[in-house]
Each structure stands twice: as structure tokens, then as C-alpha cells.
1. Every residue in region 85-126 that is touching a residue at least 24 places away in the same chain (Cβ under 8 Å), of a type outside the set (A, V, I, L, M, F, W, C), assigned to a loop (DSSP other than H, G, I, E, B) and within 18 Å of residue 40 (Cβ to Cβ), please.
2. Going through region 44-65 one residue at a time, which ones are over 28 Å from residue 4 (Cα atoms), free of Cβ contacts under 8 Å to residues at least 60 places away in the same chain and within 14 Å of the chain's Cα centre (by Cα)?
3. Can you run down the residue pairs with Cβ atoms below 6 Å, 6 or more apart or on separate chains, where the first is in region 20-43 and closer than 14 Å to residue 84 by Cβ and the partner is part of a strand (DSSP E or B) and among the charged types (D, E, K, R)?
4. Could you tell me which numbered condition residue 62 fails, if it satisfies all but one of (1) surrounded by 15 or more Cβ atoms within 10 Å (Cβ to Cβ); (2) assigned to a helix (DSSP H, G or I)?
5. Output the number of residues of region 9-25 satisfying the condition of being crowded, with 18+ Cβ neighbours inside 10 Å and within 17 Å of residue 64 (Cα to Cα).
6. Scanning for something in contact with a helix residue (DSSP H, G or I) (Cβ under 7 Å, 6 or more places away or on another chain), within 25 Å of residue 115 (Cα to Cα) and either among the aliphatic types (A, V, I, L, M) or not in a loop (DSSP other than H, G, I, E, B) (or both), does region 7-15 turn up at least one residue?
7. Looking at residue 68 and the list (1) out of contact with any helix residue (DSSP H, G or I) (no Cβ under 7 Å at 6 or more places or on another chain); (2) without any contact (Cβ under 8 Å) to a residue 24 or more places away in the chain; (3) not in a loop (DSSP other than H, G, I, E, B), which single condition is not satisfied?
8. Tally the residues that are in contact with an Asp or Glu (Cβ under 9 Å, 6 or more places away or on another chain) and surrounded by fewer than 13 Cβ atoms within 10 Å (Cβ to Cβ), restricting the search to region 87-110.
Amino acid sequence: MNFWKTKTLSEMTTDEWESLCDGCAKCCLHKLEDEDTGNIYFTSIACRLIDLSTCRCTHYSQRTQHIPDCVDIRQLSTEHYHWLPATCAYRLLHEGKDLPAWHPLLSKTAESVKEAGISIRGYARMESKEDDLDDLEDFILDWLE
């Protein structure tokens, strides 16, 4: 039996919770919120801790110490899940939806995320010290929720 069909997010073990992450790294993209509409806009600028070849955090267990703004999704109130990408397993399960066929728990391969065009590989770039994060509007991805 697939644990994500029988357990709520809060009932999952740490290993189960972590296995839900598909490794797309969209949550590691800088995002902006329209103050008037509440709409969330993803940019092509990724956190400086992301390895763009693997789409994994290079300091995952200490990420919140290195990046104080980094959000630990497990500690995030579900009312803020709208900040997660529409393809995110945590958001999908919270919304009562199932995992997509390309999700590694179903496909049994991490490459399915890349093959489905879901990962940020190929279009994101890591933030640099030269970036002015106040000018992120210039990097909004119109095609990504």
C-alpha cells in the first residue's frame, strides 16, 4: 500500500515525508507575491545552496542556518502551501490530489522528474552575490506557477 494514500502529511515518518520530495527544486526558486492579488510568481533565480545539476540542496540539513529565509516545509503551516509549486507532492496531497505519474515514488526513478520537464534544470540559475534580489521582477517565469 502506498503510504501517502493512507496517512496524512502530519502522520508521516521523516523518511516518508522526505521521499515525497520529487527533487524538482522549484521550491528553491526565489518567489514574489503580488501584494494586491496574493498571486505567487516564481523566478528563474535559485537559492545559492542548490546544485543545479542534481537539483538538491548542498547543505540540506543545515539550510536554515545558512539561509535564514529558507522555509522548512514540514514546519510550514498548511495555509502557506500556496507558496509551493502546483506540482509539489506536499501541496497536492494537502489538496486531496494524487501524485502525478512522473513522481519518483510511482515511476521508481528520479530521472522521471527531469524527463517530464518538471525540474529546474535547464532554465534556472543560481543567485550570485552580484544579484540585486530587490529586482527579481526581471526574472519572473510567466509559464511556471
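1. Hits for region 85-126 are 85, 87, 123.
2. 49
3. 40/31; 40/33; 42/31
4. It fails just one condition, (1).
5. Result for region 9-25: 1.
6. no
7. (3)
8. Of the residues in region 87-110, 1 are in contact with an Asp or Glu (Cβ under 9 Å, 6 or more places away or on another chain) and surrounded by fewer than 13 Cβ atoms within 10 Å (Cβ to Cβ).
We did not get these values from a lab; they are worked out from the coordinates using the rules stated. As the structure is a computational prediction, the values presented were derived from the model and not from experiment. All Cβ positions, glycine included, derive from the backbone under ideal geometry; neighbour counts span all protein chains shown.
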